[in-house]
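A.B. asks: So that we are looking at the same thing, I have put the structure below in structure tokens.
The values are calculated or read from the model by the stated rules, or taken from the named source; none is laboratory data. Treat the numbers as computed from the prediction; the structure is a model and nothing was measured. Positions of Cβ are generated from backbone atoms using ideal geometry, with glycine treated the same way; all protein chains shown enter the neighbour counts.
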Amino acid sequence: MTVLEEVAPIKKRMKREDRDREIVQAAVAFFAEVGFDGDTRELARRLGVTQSLIFRYFPTKAALIERVYQEVYVGRWNPYWEAIIADRNVPLESRLLRLYKDYARVALTYDWVRIFMFSGLRGEDINTRYLNFLRNRVLAPIAAELRAELGLPGFDEVPLMEEEVELVWGINARVFYLGQRLWIFSSPLALDVDAIIEQTITSFMVGAKEIVPKLVQAHK
């Protein structure tokens, strides 16, 4: 055997679905730690398998990265968040508090934050795809609910404006920055996350009540 030949570590046989899950979970942890420039040989070494076994399940590194996106961002999405936004039996401020406190428990995790940052730095499309998803599922619906809360015309009468979307982006930007402080800058938060979210939503509602009616009136 030459030094160039791959030596397979002794590894117990697993069902295909179990091995698939093992590889994906390891890839999530690996890319969150080192970024997408991490070599699949090193991932295989950490798993205790050969690189060729990984490629048997994921024929390219791009396919593995796509699966990581599905696992971390699509797979952890909770449709209940969309139901919270749409529930007009509850005041909008209360809905936003419930939504973002729950969302933060998912979005402020080590792998979620770091993979998202590494994706943007490397030019992967994870960021673009997820942010478009977020705009359609959260930002635009919140803008619609804000208009309803304030007794303003709906999008059928006055189409959604980018200024409204940017206003809601401010909430998500604030929440994500908490994750950056925790997992990128290693800067502990002085306040509880829920307390920060309460401040953020209160500030948003005060500002939105002042700004959005003027925006809609100017575009009527």
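A.B. asks: Taking the options E164, E210, name whichever one is out of contact with any strand residue (DSSP E or B) (no Cβ under 8 Å at 6 or more places or on another chain), surrounded by 13 or more Cβ atoms within 10 Å (Cβ to Cβ) and over 23 Å from G75 (Cα atoms).
C.D. replies: Values: E210 fails: surrounded by 13 or more Cβ atoms within 10 Å (Cβ to Cβ).
Exactly one of E164, E210 is out of contact with any strand residue (DSSP E or B) (no Cβ under 8 Å at 6 or more places or on another chain), surrounded by 13 or more Cβ atoms within 10 Å (Cβ to Cβ) and over 23 Å from G75 (Cα atoms), namely E164.
A.B. asks: Given the criteria surrounded by fewer than 18 Cβ atoms within 10 Å (Cβ to Cβ) and touching a Lys or Arg at 6+ places or on another chain (Cβ under 7 Å), does L150 qualify?
C.D. replies: Against the criterion (surrounded by fewer than 18 Cβ atoms within 10 Å (Cβ to Cβ) and touching a Lys or Arg at 6+ places or on another chain (Cβ under 7 Å)), L150 qualifies.
A.B. asks: Return the pairs, sorted by first residue and then second, in which the second residue is part of a helix (DSSP H, G or I) and aromatic (F, W, Y), the first residue lies in the stretch 196-220 and is assigned by TED's automatic domain parsing to the domain that holds L167, the beta carbons are less than 6 Å apart, and the residues are 6+ apart or on different chains.
C.D. replies: I197/Y100
A.B. asks: If you don't mind, there's one more thing I want to ask. Can you tell me how many residues in the stretch 81-91 are part of a helix (DSSP H, G or I) and over 20 Å from the mean Cα position of the chain (by Cα)?
C.D. replies: Qualifying residue count, the stretch 81-91: 1.
A.B. asks: Separate question: Report, by residue number, each residue of the stretch 96-123 that is hydroxyl-bearing (S, T, Y) and farther than 28 Å from M205 by Cα.
C.D. replies: Y110, S119
A.B. asks: Suppose the filter is over 18 Å from A26 (Cα atoms) and either touching a Gly at 6+ places or on another chain (Cβ under 6 Å) or aromatic (F, W, Y) (or both); does L99 pass it?
C.D. replies: So L99 fails the test.
A.B. asks: Looking for whichever is in contact (Cβ under 8 Å) with a residue 24 or more places away in the chain and of a type in the set (F, W, Y) here; the options are Y103, Y177. Which one fits?
C.D. replies: When all the criteria are applied, what remains is Y103.
A.B. asks: Out of everything in the stretch 119-141 that is surrounded by 19 or more Cβ atoms within 10 Å (Cβ to Cβ) and more than 17 Å from R76 (Cβ to Cβ), what residue ends up being modelled with the highest pLDDT?
C.D. replies: Of everything passing the filter in the stretch 119-141, L139 is modelled with the highest pLDDT.
A.B. asks: If you take the residues in the stretch 168-220 that are farther than 21 Å from W112 by Cβ and outside any helix (DSSP H, G or I), which one is modelled with the highest pLDDT?
C.D. replies: A190
A.B. asks: Looking at E66, E93, E5, E82, which is the one that is modelled with pLDDT of 95 or more and more than 30 Å from K209 (Cα to Cα)? Give the derivation first.
C.D. replies: Working: E93 fails: more than 30 Å from K209 (Cα to Cα); E5 fails: modelled with pLDDT of 95 or more; E82 fails: more than 30 Å from K209 (Cα to Cα).
Only one candidate qualifies: E66.
A.B. asks: Scanning the stretch 35-80 for residues that are β-branched (V, I, T) and in a helix (DSSP H, G or I), which turns out surrounded by the fewest Cβ atoms within 10 Å (Cβ to Cβ)?
C.D. replies: Residue satisfying both the conditions and the ranking: V74.
A.B. asks: A further question follows. Give the residue that is farthest from I142 (Cα to Cα), with candidates limited to residues of the stretch 185-207 that are in contact with a helix residue (DSSP H, G or I) (Cβ under 6 Å, 6 or more places away or on another chain) and either among the hydrophobic types (A, V, I, L, M, F, W, C) or buried (at least 17 other Cβ atoms within 10 Å of the Cβ) (or both).
C.D. replies: The qualifying residue farthest from I142 (Cα to Cα) is V193.
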